[in-house]
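Structure first, commentary second.
The values are calculated or read from the model by the stated rules, or taken from the named source; none is laboratory data. What you are looking at is a predicted structure, and each value in this text was computed from that prediction instead of being measured. Note that each Cβ is placed from the backbone with ideal geometry, even for glycine, and that neighbours are counted across all protein chains shown. Note: areas computed on protein heavy atoms with side chains; ligands, DNA, RNA excluded. Shrake-Rupley method; radii C 1.70, N 1.55, O 1.52, S 1.80 Å.
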Amino acid sequence: MTTREGNLQAPTRHALDWRNPEFYSEEALFKEMERVFDICHGCRRCVSLCHSFPTLFDLVDESKTMEVDGVAKADYWKVVDQCYLCDVCYMTKCPYVPPHPWNLDFPHLMLRAKAVHFRQKGAPFRDRLLTSTDRLGKLATIPVVVQAVNKVNTMSSARAVMDKVLGVAKGARLPPYDGAPFRKTVGASIAWPVRDGERTPGKVAIFSTCYINYNEPGIGHDLVRILAHNEVPYRIIEKEACCGMPKLELGDLETVEKLKNVNIPQLAALARDGYAILTAVPSCTLMFKQELPLICPEDADVKVVADAMFDPFEYLVLRDKDGLLKKDFKRPLGKVSYHIPCHSRVQNVGQKTREVLEWVPGTAVNTVERCAGHDGTYGVKTEFFAASMKIGRPVFGQMAQSEPDFVSSDCPIAGRRILQGMDESGTRHHGKKEHPLTLVRMAYGL
Ligand code: SF4
Ligand code: SF4
């Protein structure tokens, strides 16, 4: 076996072998963790990415042997708990990913550990609640309930109770719910003639996502208005369930598969009918593009959907290359501090959002490519909140540097966290948070 440093070939990713009973063997899991942790201990290049790696290296350095064999297996879970499955170590750092013979996939090993833990112990009420984004959204946006929920989420006394009883960090700003969900309020598309490009289908199906539907429907409306301005007919996915990313984070693979079985048949039918599928939340796009094909590699429909899935800015840039996008921008945006979230970075489509924002005359973009620390539900949990703010601190500082007119991230939740970090460090002077799709809608003068 070769032990050369790094990879000379493009990385490949193996499917997750989660239907194999061995996948759930704790003994086999610990053996693989010891092997991988030993390689990481010798490498250490991911030390600054998240708290998983510093936790591991501290455990090794404080052990009697100062090697991985000196770390108690029970402490391995401490490393697992700190991983929020951003995929950045695999996609951007690790030289030992397949086809390297060391075959190292740190995020998938953490996912396996989470799945083993979930099967052994289930998940606490707090985690089940936070990851039931669809159910929670439906309940919270009922008229009257919505005002009460939003009020409670901002009351310090109520938040102190939620922190103590539920484990939801009182310091974490929670996104308000919107009483006018996107799916209920979006208008029908004009039946523009379909103009397929060489690189882009000429009609779009929108997967709304729980977050856009219940929390920030305005971003969905902005996407629709941009499409309408460019005369791209659109439709909304009819019976949408959560994409499954929050349940993946829990290691609840059975529920991920159940959600897949609701979404994929209708999405695949639309993809086969020539629709591009767009979602405005990078984690949901990533779920369909990269995670589900590795979890259900035998499902041909999953592959069809992955191939039809576009990040909205990837779609706009390709549409421009097809000569089918309007660039009649009417309003300069000034100084924009733009953050690329981890789940956009690992889609490997390049900095498409930055590219589009830079088309707008009178716009200067300060781009920040680093984890903002929120990471799904990690950043709102009491036990991880302080670590999450620490992870985000360099981003808060870099985003504030140009004294921006707008603070923007493709991930609306990361955008909120960045604003909180800037506010708390006193570095936000007048910058307003807007999603990049909102900025493009504004630039078009819509
Ligand atoms: S997937 Fe992300 S959070 Fe998990 S270990 Fe890798 S860099 Fe850290
Ligand atoms: S995941 Fe790869 S790059 Fe990161 S510490 Fe481990 S071996 Fe090194």
Hits in the range 58-99 (condition: assigned to a loop (DSSP other than H, G, I, E, B), buried (at least 20 other Cβ atoms within 10 Å of the Cβ) and away from ligand 1 (no atom under 14 Å from the Cβ)): 71
Conditions (1) of a type outside the set (A, V, I, L, M); (2) in contact (Cβ under 8 Å) with a residue 60 or more places away in the chain; (3) surrounded by 21 or more Cβ atoms within 10 Å (Cβ to Cβ); (4) out of contact with any His (no Cβ under 9 Å at 6 or more places or on another chain); number of the one not met by residue 445: (3)
Count - residues of the range 311-335 that are touching a residue at least 40 places away in the same chain (Cβ under 8 Å) and either of a type in the set (Val, Ile, Thr) or part of a strand (DSSP E or B) (or both): 2
Which numbered condition residue 370 fails, given (1) outside any loop (DSSP other than H, G, I, E, B); (2) under 17 Å from the mean Cα position of the chain (by Cα): (1)
Any chance residue 76 is at pLDDT 95 or above, among the aromatic types (Phe, Trp, Tyr), within 16 Å of ligand 2 (Cβ to nearest atom) and on the phi < 0 side of the Ramachandran plot: yes
Every residue from the range 15-54 that is assigned to a loop (DSSP other than H, G, I, E, B), away from ligand 1 (no atom under 16 Å from the Cβ), open to solvent by 80 Å² or more (accessible area, probe 1.4 Å) and out of contact with any Phe, Trp or Tyr (no Cβ under 6 Å at 6 or more places or on another chain): 19
Residues that are within 21 Å of residue 334 (Cβ to Cβ) and touching a helix residue (DSSP H, G or I) at 6+ places or on another chain (Cβ under 7 Å), drawn from the range 382-411: 395, 396, 399, 400, 406, 407, 408, 409, 410
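Listed here are the residues, each with its yes/no results for (1) of a type in the set (D, E, K, R); (2) surrounded by fewer than 18 Cβ atoms within 10 Å (Cβ to Cβ); (3) in contact (Cβ under 8 Å) with a residue 60 or more places away in the chain.
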site	(1), (2), (3)
353	no, no, yes
356	no, no, yes
359	no, yes, no
371	no, no, yes
374	no, no, no
384	no, no, yes
407	no, no, yes
410	yes, no, yes
Yes/no for residue 119 being within 9 Å of ligand 2 (Cβ to nearest atom), open to solvent by 30 Å² or more (accessible area, probe 1.4 Å) and under 25 Å from the mean Cα position of the chain (by Cα): no
Criterion violated by residue 120 - all others in (1) in a helix (DSSP H, G or I); (2) within 16 Å of ligand 1 (Cβ to nearest atom); (3) modelled with pLDDT of 90 or more satisfied: (2)
Any chance residue 139 is assigned to a helix (DSSP H, G or I) and under 19 Å from the mean Cα position of the chain (by Cα): no
